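Structure record follows, encoded as structure tokens.
The values are calculated or read from the model by the stated rules, or taken from the named source; none is laboratory data. Fair warning: this is a prediction, and the values are worked out from it, not measured in the lab. Methodologically, a virtual Cβ is constructed for each residue, glycine included, from the backbone with ideal geometry; neighbour enumeration extends over all protein chains shown. In case anyone asks, the SASA skips ligands and DNA or RNA and just uses the protein heavy atoms, side chains included. Shrake-Rupley method; radii C 1.70, N 1.55, O 1.52, S 1.80 Å.
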Amino acid sequence: MSVKILTDSASDLPLSFFAENDITMIPLKVHLDNQEYEDFITIEPKTVYKAINEGKVPKTSQVSPAAFEKAFTELAELGQQGLYIAFSSQLSGTYQTAVMIRDQVKEKYPQLDLTIIDSKCASLGCGLVVMEAARLAKENAPKDEIVEKATFLCQHMEHLFTVDDLEYLAKGGRVSKASAFLGGLLNIKPLLNVEDGKLVPIEKIRGKKKLLRRVIDVMHERGASLSQQRIGISHADDEETALEMKRLISEEFSTDNIFISSIGAVIGSHTGSGTIAIFFLNQLPQ
């Protein structure tokens with residue numbers, strides 16, 4: 001029996017991918033207009049962007065303990081080995097809750113064999129790791145090999161992203177209010193990354209064209225053998241820029257191994273529309 005891969009909705013992979021690869025996806029929550037929604041399942045990202053444009057502030061919350069208990073109990077009852085690749089512990093309490101619920105389920109089902117990895121990644125940064133773990137699981141690779149590979153990828157995943165308006169990240173406490181104010185005033189686009197699971201601004205660039213070019217420069221500086229790896233691009237309702245970014249990357253690094261996906265409602269609640277994110281490795285596994 002192959003290893004069962006689990007992840008949460010903050011991996012921003014399409015629902016079709018989870019179905020085709022028999023992956024259990026556990027949704028985070030979006031709270032809007034006094035209603036609670038499940039990311040990717042009962043709310044679309046466009047609903048969130050429309051609400052933000054109307055001045056509303058969607059709230060998000062981690063995966064519920066009940067959802068974890070159901071998924072982990074099912075795994076234990078099937079007697080399957082499992083690997084859960086979780087959203088960064090620095091951006092959500094999801095990982096900590098998963099560990100707590102696994103330990104509770106283990107009291108009733110001592111046979112539960114579930115490894116949980118704190119990916120320290122977000123969006124398709126986590127998603128690319130899940131894709132590779134799913135490929136190995138399909139090939140019936142042993143669990144320790146999948147865990148080792150997934151851990152390595154998490155540790156070496158670069159995130160580069162930009163948002164149209166820093167105000168959304170400021171509202172969610174993800175960047176300072178001062179940074180947001182300055183960005184809006186000068187039409188300056190921020191370039192951010194994720195370091196040890198946290199959002200960190202790298203620099204501010206004026207104008208979209210310069211920004212996309214700068215992304216290519218940073219990929220040169222940080223990436224490893226970019227033509228030999230899968231590169232991820234996720235976007236928040238801006239497929240046009242995502243495709244332009246794909247074209248630039250493809251030309252610069254002579255690769256067509258580029259995967260594009262939409263940012264989900266949870267991460268989109270913090271970034272707003274117009275976000276573009278690029279993911280790649282700074283070191284390849286041996």
Roughly what angle does helix 239-253 make with the longest principal axis of the chain, taking Cα atoms, 0 to 90 degrees, to the nearest 10? 90
With all protein chains present, how much of the accessible area of the chain (probe radius 1.4 Å) comes from carbon and sulfur, to the nearest whole percent? 48
I'd like to check one number: the per residue accessible area of the chain, probe 1.4 Å, reported in Å² as a whole number. 45
Just the number, please: percent antiparallel of the DSSP beta bridges in the range 179-286, rounded to the nearest 5. 70
Need one number: % antiparallel among DSSP beta bridges in the range 23-129, to the nearest 5. 50
Once the piece of chain linking E145 and K106 is laid out straight, how much longer is it, given 0.36 nm per residue of separation minus the C-alpha distance between them? 11.7 nm
Accessible surface, 1.4 Å probe, highest first, among residues V200, V129: V200, V129
The chain, relative contact order [Cα under 8 Å, separation at least 6], %: 23
Flagged links, alpha-carbon separation over 23 Å, of K70/K198; K70/K108; K50/K70; K149/K246; K106/K149: K70/K198; K50/K70; K149/K246; K106/K149
Taking all pairs of distinct Cα atoms, average 1/r, flip it, and tell me the Kirkwood hydrodynamic radius of the range 2-61 in Å to one decimal place. 12.6
With springs connecting C-alpha atoms under 10 Å apart, model the chain as a Gaussian network and identify which of G207, G272, G232 has the largest mean-square fluctuation. G207
Quick one: how many Å² of R230 are accessible to a 1.4 Å probe, rounded to 10? 90
Sorted peptide list for 89-98, 72-81, criterion being average Cβ within 10 angstrom, highest first: 89-98, 72-81
According to a simple spin-label model (label point 7 Å from Cα along Cα-to-Cβ), what is the distance in nm between E221 and T42? 4.4
Using the alpha carbons of the chain, what is the convex hull volume per residue in cubic angstrom, as a whole number? 120
Expected sort for 44-57, 25-38 on mean C-beta neighbours within 10 Å, highest first, is 25-38, 44-57
About the Cα centre of the chain, what is the dipole size in debye to 20, counting +1 per Lys and Arg Cβ and -1 per Asp and Glu Cβ, all else neutral? 800
If we sort 107-115, 60-68, 142-150 on the protection proxy, mean other Cβ atoms within 10 Å, highest first, what's the order? 60-68, 142-150, 107-115
Evaluate E = 1/(1 + (r/R0)^6) for E240 and N282, where r is the Cβ-Cβ distance and R0 equals 25 Å; express this FRET efficiency to the nearest 0.05. 0.35
Which percent, nearest 5, of DSSP beta bridges in the chain are antiparallel? 60
